[in-house]
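Have a look at the structure below before the remarks.
The values are calculated or read from the model by the stated rules, or taken from the named source; none is laboratory data. Keep in mind that what you see is a predicted model, and the values were worked out from it rather than measured. Heads up, the Cβs are rebuilt from the backbone with ideal geometry, glycines too, and the neighbour counts pull from every protein chain shown. These accessible areas exclude ligands, DNA and RNA; they are computed on the full protein's heavy atoms, side chains included. Shrake-Rupley method; radii C 1.70, N 1.55, O 1.52, S 1.80 Å.
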Amino acid sequence: ASQTAAPPRNAHMPPLLATAGDDGVALWDGGAVARHRFSPHAAQVSALRWTANDRVLASSSHDGSVVLSERDGSLFDTLRPQARGPDGPAPVLSVTWSPASRYLASGSADALVRIFDLQKREHALTLRGHRAGVCALSWSPSEVHVASASTAGDVIVHRVQGSVAAVCRADTAPPGARGDHAVRGLHWSPFHPTKLATGSEDGVVSLWETAAPLRGGSHAAGAAGLPRAVQLHKFEAHSAACCGVAWSAVNHHLLVSAAADGSIVFYDTTRLAVVRTLCSDQSFAALETEQPPRPQPHQSRPQHP
């Protein structure tokens, strides 16, 4: 299976598509031949994410590292979360940038989320609460909260500014459920900042409302005593594991998901309806959409990603 990440468009740079497979990472600019190929890791790549200004690509790996690469494939920096497993470094399963790209969050097989401050070049925070590997991450548009999801099917919303704490929880798997309920897709809505979308190993795509817990309201308590997010709706359009979900950056109502059955499904989240389905003979392993560029200060070269 391969990982794919498309960077946001930038008026001064052509868009690059990043893919990762058994032969390392490749960067494409729309041609039939990759512009750059490189191998930043000693083991399988688990996730790829571009910074908001599309200058630096973060890749996480089962070798326990996060590598930051330039647009030409050259090394920018290497982060080592120091996650330990029984046989050495624990695999890093997920990675995501904050909207302004100053901070990077990584999720590891040791059930921890680690946040790095790339301006200060330091490990800033460690977030706890999961009992299984953290396989999906998403930063809220305000940068106040980070959502993390695990291979056990639970989602935790962490406040990372001010008083750091876990503030909300969602359980995608029913109590006592058997089988694989890993949450592979997780994304905050850019227009409704208290809404989350998840995509699970069982193919279910769910919409969640976190407003009351994040504002100090009273939802019923879930596991670990945390307030529970409200499941607004669930879609069951996929017949295999959902590998990713993404909200549209321009359409307030549109959500898209992709799955291992080769389907890409578009949803109207207001009418709670499937509006389009694309089918492929390829099995998808990841989903990443382009985002509009954020305004950047005038400078010859950023001092951090």
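Can you pull the one-decimal nm distance between simple spin-label points at His252 and Ser74, each 7 Å off the Cα toward Cβ?
That separation, rounded to one decimal, is 4.5 nm.
Please work out the C-alpha center-to-center distance from region 107-178 to region 35-55 and express it in whole Å.
Here the answer is 22 Å between Cα centres.
With the contact rule set at Cα under 8 Å and sequence spacing of 6 or more, what percent relative contact order holds for region 83-155? If you can, show how the numbers build up before the last one.
Numbers: 170 pairs, mean separation 18.8, N = 73.
With pairs under 8 Å counted, the relative contact order is 26 percent.
How big is region 92-146 by Rg and Dmax over its Cα atoms, in Å?
10.6, 30
Can you give me the distance in nm between label points at His233 and Gln282, each placed 7 Å from the Cα along the Cα-to-Cβ direction?
Rounded to a tenth, the inter-label distance reads 2.9 nm.
For the pair Arg271/Ala42, report the inter-label distance in nm, with labels modelled 7 Å from Cα in the Cβ direction.
For the pair Arg271/Ala42, the computed spacing is 5.4 nm.
Any chance you could run the full-extension gain for Gln82 through Phe191? It's 0.36 nm times the residue separation minus the Cα-Cα distance, nm to one decimal.
35.7 nm
Under the 0.36 nm per residue contour assumption, what length would be gained going from the current alpha-carbon distance of Val33 and Asp261 to full extension? Write down the numbers at each step before the final one.
On the way: separation 228, 0.36 × 228 = 82.08 nm, distance 2.67 nm.
Result for the pair: 79.4 nm of gain on full extension.
With a 1.4 Å probe and every protein chain kept in, tell me what percent of the accessible surface of region 53-112 is carbon plus sulfur. If you can, show how the numbers build up before the last one.
Numbers: 970 of 2050 Å².
Carbon and sulfur together cover 48 percent of it.
Just to confirm a number: summing +1 for Lys and Arg and -1 for Asp and Glu over residues other than Ser263 whose beta-carbon lies under 13 angstrom from that of Ser263, what do you get? Working shown, then result.
Working: positive: Arg276; negative: Glu236, Asp261, Asp281.
Once all neighbours under 13 Å are counted, the net charge is -2.
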